[in-house]
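Visitor: Sharing a structure here in structure tokens format.
The values are calculated or read from the model by the stated rules, or taken from the named source; none is laboratory data. What you are looking at is a predicted structure, and each value in this text was computed from that prediction instead of being measured. Quick reminder, even Gly has a Cβ in these numbers, built from the backbone with ideal geometry, and neighbours come from all protein chains shown. Keep in mind that these areas ignore ligands, DNA and RNA; they rest on the heavy atoms of the full protein, side chains included. Shrake-Rupley method; radii C 1.70, N 1.55, O 1.52, S 1.80 Å.
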Amino acid sequence: MTKEQNDYITYRLQRATDTLNDAKLLAENERWNSSINRIYYACFYAVSALLYFHSIEAKTHKGVRIKFMSEFIKTGLFDKDFGKLFSDLFDWRQEGDYSDFISFDKDLTIPLITKSEEFITLIEEFLNSKEMLISPIPNKGFRGFWTLSPASSFVSVDNAALRNPLLGIAVTVRFYSSINLNLEF
């Protein structure tokens, strides 16, 4: 991945965080419809970063939803609840923006903020897990990289120095917020 590609993904993830913070401010002021709009866009920016990372193109909001569902929900990489969340937010954003007499409320909006925050965090963790920096036991001065393959949860060591048992490196790798794998070299 080029620096420009990495910068774009970082930008999209930061925009997701900023937009979710906007949704919280709107909710604090009981602007429920506008908050739902911002919650959707926060998740949209995070999903867009995820698709971009995997070189998956979508030209419309509907296309982003379809690609996310087919590539990440149906394959089991993300829980179905997150697919439902993103799909519901898409629909509610459409209703809130384009339909008359739609009025969302606190009981719907506040839990969506929490669930969306979890969703965005999960996407950030997923993207960060694609190439994780290893920090060994303090003061050893060694760094290396893990490369993860999400389809098989396979971990490969790219740096031969990590295979040296004398280094005594202990590593914790976190897979998609659900499995912790502790390895010692």
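Visitor: To the nearest 20 debye, what charge dipole does region 46-106 have about its Cα centre, counting +1 at the Cβ of each Lys and Arg and -1 at the Cβ of each Asp and Glu?
Guide: For this selection, approximately 260 debye.
Visitor: Shifting gears a bit: Take each of the peptides 11-21, 90-100, 33-43, average the number of other beta-carbon atoms within 10 Å over its residues, and list them starting from the highest.
Guide: Top to bottom by mean Cβ count within 10 Å: 33-43, 11-21, 90-100.
Visitor: Turning to a different aspect of this structure: Enumerate the residues in region 70-91 having an amide nitrogen under 17 Å from the point lying 7 Å beyond the Cα of HIS61 toward its Cβ.
Guide: Label zone hits: 84-91.
Visitor: Quick one: length gained pulling TYR98 to LYS74 fully straight, 0.36 nm per residue minus the C-alpha distance?
Guide: 5.7 nm
Visitor: Using per-residue counts of other Cβ atoms within 10 Å, averaged over each peptide, order 82-88, 45-51, 24-30, 118-124 from highest down.
Guide: In decreasing order of mean packing, 82-88, 45-51, 24-30, 118-124 become 45-51, 118-124, 82-88, 24-30.
Visitor: So with the 1.4 Å probe, I'd like the accessible area per residue for region 1-101, rounded to whole Å².
Guide: Roughly 58 Å² per residue, with all protein chains present.
Visitor: Is the C-alpha gyration tensor of region 53-127 telling us rounded, prolate or oblate? Criteria: a/c under 1.5 is rounded; beyond that, a/b larger than b/c is prolate, otherwise oblate.
Guide: It is oblate, given that a/c is not under 1.5 and a/b is not larger than b/c.
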